[in-house]
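The values are calculated or read from the model by the stated rules, or taken from the named source; none is laboratory data. A quick note: this is a predicted structure, and the numbers were derived from the prediction, not measured.
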Amino acid sequence: MMRTTVTLDEDVLARLQEESKIRETSFRGTLNEVLRDGLDVATRRRESPKGFRVKPRSLGLKPGLSYDSISQLIAIAEGEDSR
């Protein structure tokens, strides 16, 4: 065991004191448990994969239309007279 001085923000101190009452444990015990829990979460976040996978879905494209030319699609959607 090592002794050290830690400066806590007022809101953190209040939350730890309340948690200590709820758990019915000493302030030191509560502080150690909460720190362990927080460190476990930090470790899991660091070790979890960062990427994600996109699941492809059908867009329900209409047959007979060419989707290779954006200008043709806009012309069909807006009509030839809109230009």
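Being under 21 Å from the mean Cα position of the chain (by Cα) and of a type in the set (A, V, I, L, M, F, W, C) narrows it down to one of 52, 27, so name that one.
Criteria check complete, one pass: 52.
State whether one or more residues within region 13-31 are on the phi > 0 side of the Ramachandran plot and either β-branched (Val, Ile, Thr) or at pLDDT 80 or above (or both).
Yes: region 13-31 contains one or more residues that are on the phi > 0 side of the Ramachandran plot and either β-branched (Val, Ile, Thr) or at pLDDT 80 or above (or both).
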